[in-house]
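I'd like to ask some things about the structure below.
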Amino acid sequence: MNTQPNATTQWLHFSNTSIKITSGTIEEYRPIETDSKDTVIQHDFKLEREPFTVFTDKLTGKPNIRIHRTDDIFLNFLIQASRIYWREELGLRIQTLSRAEQEDYSTRHKFNIEGPLLTDHEIADQKTNLINKLYTIGYMMHHYKDPQKPWSVLATPHNVPAPSELVGGGGQSIVFNQALQCVTKGRFYINGRNPNFDKSLFLFDGIKDTDQYVLIDDAHAHFNLTGMFEMMTGNLKIYQKFKSPIVVPFSESPKLCVTTGYRNNNLDPSVARRILHTTFSDYYHGDFEGSAFERSYKPVDDFGKILFEDFSTKEWNSFFNTMIYALRFYLGSTIKHNPSNPKP
């Protein structure tokens, strides 16, 4: 059986089953023997009911999302990373409640994308950002290079007041460095903090044919995506030290993902049409020098455990389900789901 990805299908292989994902279905098969390029995820997978549903709102005609479960740690993490109005909700408006009401609200709406203290507009914006993240995850999980969607992913903070201001700890690396590695064959990692990384002729030297994406992690403030145009939409030319360059055809080259804690001011139309932009709130944040926050707030503070490292078997299964349903959502989407506009 052919398990190679195509425009409408992606396979994932687990210890106990092979999963075929299409735009409308998730089908389970007995474990299928694959070639050496396929990764078998060492987990006994059990398909669960969908943790979320994205649908077209009849009143607004815009995409909306309904959350079906509250015990999925990774989905709850994505919700928190989409709460761009958390200050208004949990910092200001909650103060109008009594102490007992505040405690009750904080408990009942801890992972709620549409808390009752938010306006309809704020809820819509937060849902748009959550939908965008799930769509982007699905895009990165789809290993087929679609010439109609030759996008590179750019993951940034949602709001950054000044171009040189760093907003770190929002969760971009958790999604695109850690989570994606759990469901892909491999990735080629580039440390974006090095101010000269993008000046190297040998930037991609070492990429293997099993690497499904290139991750430029924590790109510096002056990184310009225009230098990656050739890789985004054309063949990938890899300059090797002491060897002749090699050219990887677009259809076989890895996708590109860039994470940064800075605002990107280079999103002119020529760049914008080549990227899939996804943004993260500062609900999670660091307390590094120059940070606007006096103390950090990390996912471990919400969940009492380190994501992935401390997952139980049940939590791993929920995570894989969320990723698979995100992939199905992407494959079934007929529009590009962008994030909401930055807050005024």
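The values are calculated or read from the model by the stated rules, or taken from the named source; none is laboratory data. Quick caveat: nothing in here was measured; it's all calculated off a predicted structure. Every residue, glycine among them, receives a Cβ derived from its backbone with ideal geometry; neighbour counts consider all protein chains shown.
Go through the stretch 217-251 and count every residue that is at negative phi, buried (at least 18 other Cβ atoms within 10 Å of the Cβ) and either acidic (Asp, Glu) or free of Cβ contacts under 8 Å to residues at least 12 places away in the same chain (or both).
Result for the stretch 217-251: 1.
Additional query: Name the residue, out of VAL214, VAL258, that is in contact with a Gly (Cβ under 9 Å, 6 or more places away or on another chain), part of a strand (DSSP E or B), crowded, with 18+ Cβ neighbours inside 10 Å and aliphatic (A, V, I, L, M).
Values: VAL214 fails: in contact with a Gly (Cβ under 9 Å, 6 or more places away or on another chain).
Of VAL214, VAL258, the one residue that is in contact with a Gly (Cβ under 9 Å, 6 or more places away or on another chain), part of a strand (DSSP E or B), crowded, with 18+ Cβ neighbours inside 10 Å and aliphatic (A, V, I, L, M) is VAL258.
If the requirement is being over 23 Å from the mean Cα position of the chain (by Cα) and either in contact (Cβ under 8 Å) with a residue 40 or more places away in the chain or more than 24 Å from HIS277 (Cβ to Cβ) (or both), which of these qualifies: ARG83, ARG69, ARG108? Write out each step before concluding.
Numbers: ARG83 fails: over 23 Å from the mean Cα position of the chain (by Cα); ARG69 fails: over 23 Å from the mean Cα position of the chain (by Cα).
Result of the check over ARG83, ARG69, ARG108: ARG108.
This table checks each residue for (1) part of a helix (DSSP H, G or I); (2) among the aliphatic types (A, V, I, L, M); (3) at pLDDT 90 or above.
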site: PRO161; (1), (2), (3): no, no, no
site: SER164; (1), (2), (3): no, no, no
site: PHE176; (1), (2), (3): yes, no, yes
site: PHE188; (1), (2), (3): no, no, yes
site: PHE202; (1), (2), (3): no, no, yes
site: ASP205; (1), (2), (3): no, no, yes
site: ALA221; (1), (2), (3): no, yes, no
site: GLN240; (1), (2), (3): no, no, yes
site: SER244; (1), (2), (3): no, no, yes
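For the subset of the stretch 19-28 comprising residues that are touching a residue at least 24 places away in the same chain (Cβ under 8 Å) and assigned to a strand (DSSP E or B), which member is nearest to ARG49 (Cα to Cα)?
Selected residue: ILE26.
Between residues in the stretch 328-344 that are over 15 Å from LYS62 (Cα atoms) and modelled with pLDDT of 95 or more and residues that are of a type outside the set (Asp, Glu) and exposed (fewer than 13 other Cβ atoms within 10 Å of the Cβ), which pairs lie under 7 Å by C-beta distance while being six or more apart or on different chains?
Close Cβ pairs satisfying both conditions: GLY332/GLY24.
Now for a different question. For the stretch 211-231, which positions are of a type in the set (Asp, Glu) and farther than 22 Å from GLY171 by Cα? Full working, then the answer.
Taking the stretch 211-231 first, the residues of a type in the set (Asp, Glu) are 211, 217-218, 230.
Result: ASP211, GLU230.
Taking only the stretch 42-79 into account, find how many residues are hydrophobic (A, V, I, L, M, F, W, C) and in a helix (DSSP H, G or I). If you could, list the steps in order and put the result at the bottom.
To start, the set of residues in the stretch 42-79 that are hydrophobic (A, V, I, L, M, F, W, C) comprises 45, 47, 52, 54-55, 59, 65, 67, 73-75, 77-79.
After this cut, where a residue has to be in a helix (DSSP H, G or I) as well, the list is 73-75, 77-79.
So the answer is 6.
Also, I was wondering about something else. Inside the stretch 181-200, can you point out the residues that are in contact with a Lys or Arg (Cβ under 9 Å, 6 or more places away or on another chain) and either surrounded by 19 or more Cβ atoms within 10 Å (Cβ to Cβ) or more than 26 Å from ASN76 (Cα to Cα) (or both)? Full working, then the answer.
Within the stretch 181-200, the subset in contact with a Lys or Arg (Cβ under 9 Å, 6 or more places away or on another chain) is 181, 185-186, 188.
PHE188, the sole residue that qualifies.
While we're looking at this one, here's another question. Criterion first (out of contact with any strand residue (DSSP E or B) (no Cβ under 8 Å at 6 or more places or on another chain) and either aromatic (Phe, Trp, Tyr) or surrounded by fewer than 19 Cβ atoms within 10 Å (Cβ to Cβ) (or both)) does GLY206 satisfy it? Steps first, please.
Details: out of contact with any strand residue (DSSP E or B) (no Cβ under 8 Å at 6 or more places or on another chain): no; either aromatic (Phe, Trp, Tyr) or surrounded by fewer than 19 Cβ atoms within 10 Å (Cβ to Cβ) (or both): yes.
Taking the combined requirement at face value, the residue does not satisfy it.
If you don't mind, another one. I need the full set of residues from the stretch 1-40 which are of a type in the set (A, V, I, L, M, F, W, C), over 26 Å from PRO150 (Cα atoms) and modelled with pLDDT of 95 or more, in order please. Write out each step before concluding.
Taking the stretch 1-40 as the starting set, the residues that turn out to be of a type in the set (A, V, I, L, M, F, W, C) are 1, 7, 11-12, 14, 19, 21, 26, 32, 40.
Next, from what is left, pick out any that are over 26 Å from PRO150 (Cα atoms): 1, 14, 32, 40.
Correct list: PHE14 only.
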